[in-house]
């Protein structure tokens with residue numbers, strides 16, 4: 001996993017109260033972005049591993065990461081938490097009722113005693129994304145950042161992809177693949193419609209191809225007609241890429257879908273699921 005930290009020359013540690021902070025957490029890493037909304041610029045970004053690798057509980061890892069980072073102990077204009085949660089359910093807005101969130105979620109997920117259900121309204125797709133965050137994490141982060149908002153890791157990406165797809169007249173969908181260390185998301189969009197979204201665990205390139213090719217086959221599309229966009233934990237030199245690109249005619253890396261400026265020397269497909 002690539003780690004990095006970049007601070008723009010315009011970044012001012014004494015003016016953090018004017019910046020927006022977006023924090024990303026998964027079981028393997030944490031990342032954060034500082035955004036100057038007045039100048040429409042990303043002024044800082046960091047992606048790192050948790051300080052104490054012997055820690056097994058994600059709650060403890062997050063606490064250690066925040067306590068050990070001076071920039072995460074400042075005041076900010078707003079704070080968003082993006083949590084990589086592979087337990088989620090999409091519910092059409094037309095039938096959504098907040099009182100029934102446990103019933104919706106139980107259709108295809110198990111709620112553990114330590115889980116707390118959150119939801120994001122996806123306006124572009126007319127759906128609500130239900131997901132869970134361990135309550136111990138929620139409690140810690142709310143105490144740390146009282147006005148914090150929680151997002152599932154794909155919520156904003158889905159909205160951006162839907163908006164982008166409205167600009168295309170292609171009869172074939174775009175498949176967006178977001179890789180983490182041992183799982184990946186498949187998001188398929190076409191002409192403003194969300195056609196598919198799910199998460200899969202994998203260990204090898206063969207696992208990835210098995211799941212992805214089956215999704216394409218079940219949706220009755222041809223590999224040489226669709227666009228495939230790659231983001232996250234993948235590089236052109238990895239076996240995951242070298243053994244899979246030959247199956248697709250239009251196989252490319254993601255670009256940042258945001259009109260804010262930045263000056264970070266990091267591969268754009270890695271930034272694409274962090275900068276939004």
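The values are calculated or read from the model by the stated rules, or taken from the named source; none is laboratory data. Just so you know, these numbers come straight off a predicted model, no measurement behind them. Every residue, glycine among them, receives a Cβ derived from its backbone with ideal geometry; neighbour counts consider all protein chains shown.
Remarks
- Just one residue in the set 116, 110 is touching a helix residue (DSSP H, G or I) at 6+ places or on another chain (Cβ under 6 Å), free of Cβ contacts under 8 Å to residues at least 24 places away in the same chain and surrounded by fewer than 17 Cβ atoms within 10 Å (Cβ to Cβ); that residue is 116.
- Qualifying residue in the range 227-235 (condition: surrounded by 13 or more Cβ atoms within 10 Å (Cβ to Cβ) and part of a helix (DSSP H, G or I)): no
- The single condition from (1) surrounded by 14 or more Cβ atoms within 10 Å (Cβ to Cβ); (2) under 21 Å from residue 62 (Cα atoms); (3) without any contact (Cβ under 8 Å) to a residue 24 or more places away in the chain that residue 144 fails is (3).
- Within the range 10-50, the residues that satisfy the criterion of being assigned to a loop (DSSP other than H, G, I, E, B) and either touching a strand residue (DSSP E or B) at 6+ places or on another chain (Cβ under 9 Å) or in contact (Cβ under 8 Å) with a residue 60 or more places away in the chain (or both) are 10, 11, 12, 19, 26, 28, 29, 37, 39, 40, 49, 50.
- Filter result for residue 87 (under 30 Å from residue 192 (Cβ atoms), surrounded by fewer than 20 Cβ atoms within 10 Å (Cβ to Cβ), at pLDDT 95 or above and under 20 Å from the mean Cα position of the chain (by Cα)): no
Yes/no matrix, rows are residues, columns are (1) in contact with a helix residue (DSSP H, G or I) (Cβ under 8 Å, 6 or more places away or on another chain); (2) closer than 26 Å to residue 1 by Cβ:
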residue	(1), (2)
169	no, no
187	yes, yes
203	no, yes
218	no, no
238	no, yes
250	no, no
269	no, yes
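- Subset tally (residues that are touching a residue at least 24 places away in the same chain (Cβ under 8 Å) and outside any loop (DSSP other than H, G, I, E, B)) for the range 248-276: 7
- Looking at the range 51-133, the strands (runs of 3 or more DSSP E) lying wholly inside it that each contain 1 or more residues that are under 17 Å from residue 148 (Cα atoms) sit at 78-83, 115-122.
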